[in-house]
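S.K.: One structure coming up, written as structure tokens, with questions to follow.
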Amino acid sequence: MKIQNLTQKLKYFLTISITLILIGVIVLLSAGIRPSVELMGGTQIEINITSQENADKSLETAVSELKQQGIVVEHAFTENKQLESYIVVRTPNKTVSQNTIQSVANALGVETSSISTASISATVSTKYIVMAVVGLMLTAVAVFIIAWIRYGILSSVSMLLSTLHATLLMFSVVIFTRMLFTTGVLVGIAVATILTIVYNICIFEKHREHVDVVTLDKTKTKVHSIEQAVTFTLPTMLILSAVIWIFSIVGMFSGAIGVIMFMLSLLLATVISIYSSAFFGMSLEAKLQQNAQQIEKQKRSKNNS
Amino acid sequence: MGLTMKKKSKNTKKVWAIIGFVWVYLVIVVGAIFAFLPMTFGYTNYASLAKNIGQSVDITSGVYAEFQMIGSYSEEQLNQAKTQISEILADHDYINSNVYDINGKTLRVEISAPQDATSLSNAYNALSYINGGLFELKLNNSEDEASYVNGRDHVKSITISSYQGTHYVQINLNKAGAKQLEKLTTDAMASSSSAYYIFLGGKVYPDSSSGKVTVEEINTTGTITFGWTEYAYTEQFQMAFQFGCLPIELDANNEVVDVMQASISGAELTKNATIIALICASVLSLLAFAIYTLVQYKLLGALSLTSVMLSIIFALLVSNAMPWVEVNTTYIFTWVIGILFTWLPMYIRMHTAQKEYQTGKTLQASIENASHKTLFTTIIIGISLFVCGMILAVVGLTSMRALGATLALFGALAILADLVLFRGLLRMTLLFTENPKLFHFTREER
């Protein structure tokens, strides 16, 4: 696949990105995020199963019944409490209706008095989220400095913008697709950021290698070198993504909702990082380089006249 | 004569190369055995490097404790208490604990503990310190006497240090605490008393007179130091003192500590579904990547995979020394992506070498040129990953910290694997063959 006319495509990429981010903002303002129980708390359901013969089977029945009743089961496990055995289910749902409790009791063949519900707080402190965001921002700044030293100010700006673009786009897509916002999804956002940085470095290094050769040819510009670098690096990105896709798709078979959300966020991260680095970031870089070259040309012609 | 000398020197190099290959593959085989196979040496059980890394409560069984809170607290106080408990547990190797409140009345803490007697007993002990009660320092052993220093208002941090076989717990106080400490020493001098009493939960700590805590040193600038000869004992005191600084009070006589089974979520799934799916995902994705590398780059691919394998063994060794790493869902993926990042610079070099060969260069020249061209790519990728990883490891918490630490490790390994291992192996291989077909290098002949 040959990448061409990156500068002309910038307006399309900008339109796509702004639209997706705006949708995310609108959904965020109107419906908010869909946080998991670990981030915002929810309800804990405890079912006394001391009388049941097979704890694992009871657990399966309870989880299946709760899902049928529209309850999002985030964690479910068995535990002992003194001499009794319990099933513990955690859900981000703030309330669990009496009908649901009744149907679970019927499915398990226990009294409704054996089932209790209680509201629970988040297991992950807001400090975790704040520190994760601070970490990502500091990472972006560190990359900006490294890129400035190695590739110059223009490239470092486009690299920083494409990195921030990847982070922001991931947040938006997670919000408007109504994905459950778990710590795994937060890690997925960090993965998108890091992948974008690595892909950017690969492209910029190739661009540095090509730029002198390409610009020797008077008919070609730095933009051609960028396009060549993207064409060269794209298969590498796709291979890395393919491996991550295999991991994510197989991982989804775990059935655990937290794991599924993490795997979905990884799938998203691979797509968004390629889009942010190779398409959005590089079309921005191409446009910036083109403008810089034009300004330089104008300066030269002024000096000559 | 010159030709014979050259031939002799090449033969010597070949012998050294063979020794090098034998050594590398021996390291891989022995390393893999120690990395993944549990063994028994006499009375000692060795669990393997991979198994030695702790597992998080989301993929293994654990122990939970529920404590009744005395009094009611604001959300801020509760959040502070929960964060403090998580951080103290993380300090003592329980990285990804779950701490939350139920109905604002009960505090629940969950930590991972594989179902062996030692792990369970350690986990029970760790949880039993949580409701030990407020830490106080007094001049006499009367419960009614007011304390000079208390954990809630005066303590900044509690650290452990060791010097000449003795281990010390140092309590560092804030400004108000330092002032109180000054008052304590002045009062002690006035009453010519040299005994200080530690209280936890309103009682002299510890109960037995044989285990009495002696204050090693009081520095009026704001530190109190206690000393012991046994490290495990020192750690227990540190934990007890740390939990003695919680902003909330937990009922010491009303607690439940018991076992919980691993978390599951699907109706048709077994207890180990999550871990099985994650292992399958890792193995299948890495296998697909290895097959692609071998098919696409043949001998070069095999050499890059050898470097990756050496890096994995090295990474496992280092991970065992990282105290803040615990295996959970995201950590398993971090390894997959870390391995991919280690391989990435080698892939770029192989890809560049193939392109160079297509321009008409010899095999040797293509590989040399590719090495030269991709040198900085490797260094920049490695450095950037290392820097980003270190930032996340220092700033982030729990799974973000593990992601950062592993990324930083693999960033360093990416440089080592490409510039030292892959380069060395490639040089040794080129002594034996320069057949482009073995490297899957093709071009249209003119």
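Computed from the coordinates by the stated procedures, all read-outs in this text should not be read as laboratory data. Just so it is clear, the structure is predicted and the values come from calculations on it, not from any experiment. As a convention, Cβ positions derive from the backbone with ideal geometry for all residues, glycine included, and neighbour counts pool all protein chains shown.
S.K.: Taking chain A as a Gaussian network, Cα atoms linked when under 10 Å apart, which of A:Ser17, A:Ser114, A:Ser283 shows the biggest mean-square fluctuation?
M.R.: A:Ser114
S.K.: While we're looking at this one, here's another question. Taking the Cβ-Cβ separation of B:Leu284 and B:Ser48 as r and a Förster radius of 22 Å, what is the calculated FRET efficiency to the nearest 0.05?
M.R.: Values: r = 22 Å, r/R0 = 0.98.
For B:Leu284 and B:Ser48, the calculated efficiency is 0.55.
S.K.: Which Cα, out of B:Ala277, B:Cys388, B:Tyr292, lies furthest along the positive dipole direction of region B:270-439 (beta carbon charges, K/R +1, D/E -1)?
M.R.: B:Tyr292
S.K.: In debye to the nearest 20, how big a dipole does the protein assembly as shown give about its Cα centre with +1 on each Lys and Arg Cβ and -1 on each Asp and Glu Cβ?
M.R.: Numbers: 52 positive and 51 negative charges, 1058 e Å.
Around 5080 debye, computed over the protein assembly as shown.
S.K.: Choose one of B:Gln364, A:Gln52, A:Val89: the residue whose Cα lies farthest towards the positive end of the charge dipole of the protein assembly as shown (beta-carbon charges +1 Lys, Arg; -1 Asp, Glu; about the Cα centre).
M.R.: Final value for the positive-end residue is B:Gln364.
S.K.: While we're on this one: For a quick size check, give me the Cα extents of the protein assembly as shown along its three principal axes, largest first, whole Å.
M.R.: 96, 69, 68
S.K.: While we're here: What average number of partner chain Cβ atoms lie no more than 10 Å from the Cβ of the residues making up B:343-353? Before the final figure, lay out each step's value.
M.R.: Details: counts 3, 7, 1, 0, 5, 6, 0, 0, 5, 3, 0.
Averaged over the peptide's residues, the number is 3.
S.K.: So, one more: Work from the charge dipole of the protein assembly as shown (Cβ charges, +1 for Lys and Arg, -1 for Asp and Glu, about the Cα centre) and give the residue of A:Ser113, A:Leu28, B:Ile171 farthest towards its positive end.
M.R.: A:Leu28
S.K.: Now for a separate question. Taking the Cα centre of chain B as origin, work out the dipole magnitude from +1 charges on Lys and Arg Cβ and -1 charges on Asp and Glu Cβ, in debye rounded to 20. All intermediate terms of the calculation are to be shown ahead of the outcome.
M.R.: Working: 30 positive and 34 negative charges, 735 e Å.
For this selection, approximately 3520 debye.
S.K.: Compute the orientation-averaged projected area for region A:68-166 from the convex hull of its Cα atoms and round it to one decimal in nm². Walk me through the numbers on the way to the answer.
M.R.: Values: hull surface 40.9 nm².
Over all viewing directions, region A:68-166 projects a mean Cα-hull area of 10.2 nm².
S.K.: For peptide A:288-294, compute the average count of partner chain beta-carbon atoms within 10 Å of each residue's beta-carbon. Before the final figure, lay out each step's value.
M.R.: Working: counts 0, 0, 0, 0, 0, 0, 0.
Taking the mean over all residues of the peptide, I get 0.
S.K.: Debye sum, Cα scatterers, region B:270-439, no solvent: what log₁₀ I/I(0) at q = 0.12, 0.19 1/Å?
M.R.: -0.58, -1.18
S.K.: Take the alpha carbon atoms of region B:57-260, find their radius of gyration, then divide it by 2.2 N^0.38 Å using N residues; give the quotient. Don't jump to the answer; show the numbers that get you there.
M.R.: On the way: Rg = 17.4 Å, N = 204, 2.2 N^0.38 = 16.6 Å.
The reported ratio for this selection is 1.05.
S.K.: Using alpha carbons only, how many degrees (0 to 90, rounded to 10) separate the axis of helix A:257-274 from the longest principal axis of chain A?
M.R.: Roughly 10 degrees, rounded to the nearest 10.
S.K.: With no solvent and one point per C-alpha, what does the Debye sum give as log10 I(q)/I(0) for region A:200-305 at q = 0.11, 0.19, 0.22 Å⁻¹?
M.R.: For region A:200-305 at q = 0.11, 0.19, 0.22 Å⁻¹, log10 I(q)/I(0) is -0.49, -0.93, -1.08.
S.K.: Using Cα atoms only, what is the angle between the long axis of helix B:2-36 and the major principal axis of chain B, expressed in degrees (0 to 90) to the nearest 10?
M.R.: 40 degrees
S.K.: With +1 on the Cβ of every Lys and Arg and -1 on the Cβ of every Asp and Glu, and nothing else charged, how large is the dipole of region A:42-120 about its Cα centre, in debye rounded to the nearest 20?
M.R.: Numbers: 5 positive and 9 negative charges, 54 e Å.
Using Cβ point charges on Lys, Arg, Asp and Glu, region A:42-120 gives about 260 debye.
S.K.: On to the next question. Round to the nearest 10 and give me the degree value, 0 to 90, for the angle of helix B:175-190's Cα axis relative to the longest principal axis of chain B.
M.R.: Once rounded, one gets 50 degrees.
S.K.: Taking θ as phi - 60°, what are the ³J(HN,Hα) couplings along region B:78-85 by the Karplus curve (6.51, -1.76, 1.60), each to the nearest whole Hz, with x for Gly and Pro?
M.R.: 5, 4, 5, 5, 5, 5, 4, 5
S.K.: I need the Debye-formula profile for chain B: one equal scatterer per C-alpha, no solvent, reported as log10 I(q)/I(0) at q = 0.07 1/Å, two decimals.
M.R.: Values returned for q = 0.07 Å⁻¹ are -0.52.
S.K.: Separate question: Keeping to pairs on different chains or 8 or more places apart, tell me how many lysine pairs in region B:270-439 have Cα atoms under 25 Å apart.
M.R.: Step by step, the pairs that qualify in region B:270-439 add up to 9.
S.K.: Looking only at other chains, what is the average number of their beta-carbon atoms within 10 angstrom of each beta-carbon in A:130-138?
M.R.: Values: counts 2, 8, 9, 3, 4, 12, 6, 2, 7.
The per-residue average across the peptide is 6.
S.K.: When only DSSP loop residues count, what chymotrypsin sites (Phe, Trp or Tyr not before Pro) in region B:413-446 have their Cβ near at most 15 other Cβ atoms within 10 Å?
M.R.: Numbers: sites: B:Phe422, B:Phe432, B:Phe439, B:Phe441; in loops: B:Phe432, B:Phe441.
Those satisfying the criteria are B:Phe432.
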